[in-house]
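Everything below concerns the one structure shown next.
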Amino acid sequence: MSKPKVIVSRRWPEEVERHMSDVFDVQLNEDDHIMSAEEMKAALKSADAFCPTVTDAVNADVLGVEGATVKIIGSNGVGFNHIDLDAAKAAGLCVTNTPEVLTDCTADIAMTLLLTVARRTGEGERHVRAGEWVGWRPTHMMGTKVTGKTIGLIGFGRIARAMAQRAHHGFGMKVLFHDPYPPSDEDAKALGAEACDSIDDVLARSDFVSIHCPGGKETYHLMNAEMIGKMKPGAFLINSARGDVIDPDALIAALKAGTIAGAGLDVFEGEPKVPEALIAMENVVLLPHLGSASLETRVAMGMRVVDNLTAFFDDKEPQDKLV
Ligand code: DGY
């Protein structure tokens, strides 16, 4: 029997590409260019499976292409706001993602952002490299203590819970959260976490607010001027989820006014563009969407896609089926 034809949209770690090439008839993206909508449509018309990443806009226009042969979209990443699931369902396609395997690394990056912005370590490193350091003194580059403070989590899914684990058990922090689908009291208690009835309550009581909800229409600009205005004066905002959850103009205005103390951002609305105003601020930590970027995790994500496709072509239900 011939192997299913699979087209991947970007380069994947070598180990995964090798494994995929053994299992499927794979078309790799040798020069790692960003696929245009036209290229994605062509892929949908010539393969059995298409594997985008979280930066490929697999929208209704792409999914509605005439003469599609693809039966499954095996996305490489946990977030799926780049795929129009309704359009995929209407086209009779199966869509899968890669949860679980990136939970720890993404929580590690969220904690990195929090520590970096609070303790001014990015700024300190730039200071040393610029040859500006003149020695220790009691008033030099004082940051904000993290241990024992209160962290508020917007959303309490896998990554938020891994963040709570680090914050509570590693840094003795009090953990607050709001999630429309809260865990059992027992699960929350194990993480030292207290459920709040509203996001407003989380914002009003937290020294650090960390965003862990999905992106997309429902959470677009959730953190707008009004919501940022509800944060404690001097608090920090951390985002390792999706850029469009924060209104960048509102964030910049709050940082300029000094109503919040700083921000740690791994994701941006319209990335890779980053507002110049943020780049100019020392109290903002900016990372290039590194949440899942460890070799171990990126290999695990790729292998998870292979597992999903394999199950699908064996007429089994893929473990990460979204629709
Ligand atoms: C995801 O998987 O959704 C991340 O944003 C990239 O790893």
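Okay, here's what the table says:
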item	result
Hey, Val274 without any contact (Cβ under 8 Å) to a residue 24 or more places away in the chain, assigned by TED's automatic domain parsing to the domain that holds Tyr181 and in contact with a strand residue (DSSP E or B) (Cβ under 8 Å, 6 or more places away or on another chain) or not	yes
Answer residue from segment 4-19, given it is part of a loop (DSSP other than H, G, I, E, B) and touching a Pro at 6+ places or on another chain (Cβ under 9 Å) and is surrounded by the most Cβ atoms within 10 Å (Cβ to Cβ) among those	Ser9
Residue match in segment 277-288 (condition: closer than 26 Å to Glu15 by Cβ and among the charged types (D, E, K, R))	no
Residue list for segment 106-131, restricted to those being over 23 Å from Lys145 (Cα atoms) and in a helix (DSSP H, G or I)	Arg129
Close pairs from segment 97-109: first touching a residue at least 12 places away in the same chain (Cβ under 8 Å), partner near the ligand (Cβ under 9 Å from one of its atoms) and among the polar types (S, T, N, Q), Cβ under 6 Å, at least 6 apart	Asn97/Ser75; Leu102/Ser292; Leu102/Thr297; Cys105/Ser292; Cys105/Thr297; Thr106/Ser240; Thr106/Ser292; Ile109/Ser240
Condition met for Glu125 (acidic (Asp, Glu) and over 29 Å from the mean Cα position of the chain (by Cα))	no
Residue match in segment 238-257 (condition: surrounded by 16 or more Cβ atoms within 10 Å (Cβ to Cβ), in contact with a Phe, Trp or Tyr (Cβ under 8 Å, 6 or more places away or on another chain), modelled with pLDDT of 95 or more and closer than 19 Å to Thr150 by Cα)	yes
In segment 238-273, the residues that are farther than 23 Å from Ala167 by Cβ, within 16 Å of the ligand (Cβ to nearest atom) and part of a loop (DSSP other than H, G, I, E, B)	Phe268, Glu269, Gly270, Glu271, Pro272
Selection count, segment 171-180, where residues are in contact (Cβ under 8 Å) with a residue 24 or more places away in the chain and open to solvent by 20 Å² or more (accessible area, probe 1.4 Å)	5
Selected residue [at pLDDT 95 or above and either among the basic types (Lys, Arg) or within 16 Å of the ligand (Cβ to nearest atom) (or both)] from Asn81, Asn59	Asn81
Residue that is open to solvent by 20 Å² or more (accessible area, probe 1.4 Å), in contact with a Phe, Trp or Tyr (Cβ under 7 Å, 6 or more places away or on another chain) and not in a helix (DSSP H, G or I), where the choices are Thr139, Thr147	Thr147
Within segment 288-305, considering residues that are away from the ligand (no atom under 11 Å from the Cβ) and open to solvent by 40 Å² or more (accessible area, probe 1.4 Å), the one nearest to the chain's Cα centre (by Cα)	Pro288
Candidates Ala300, Ala257, filtered to the one that is out of contact with any helix residue (DSSP H, G or I) (no Cβ under 8 Å at 6 or more places or on another chain), among the aliphatic types (A, V, I, L, M) and outside the structural domain of Ala160 (by TED's automatic domain parsing)	Ala300
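The values are calculated or read from the model by the stated rules, or taken from the named source; none is laboratory data. Computed from a predicted model, the values in this text were never measured in an experiment. All Cβ positions, even for glycine, are placed from backbone atoms using ideal geometry, and neighbour counts span all protein chains on display. The protein model used for the area step is the full one, side chains on, heavy atoms only, and it has no ligands, DNA or RNA in it. Shrake-Rupley method; radii C 1.70, N 1.55, O 1.52, S 1.80 Å.
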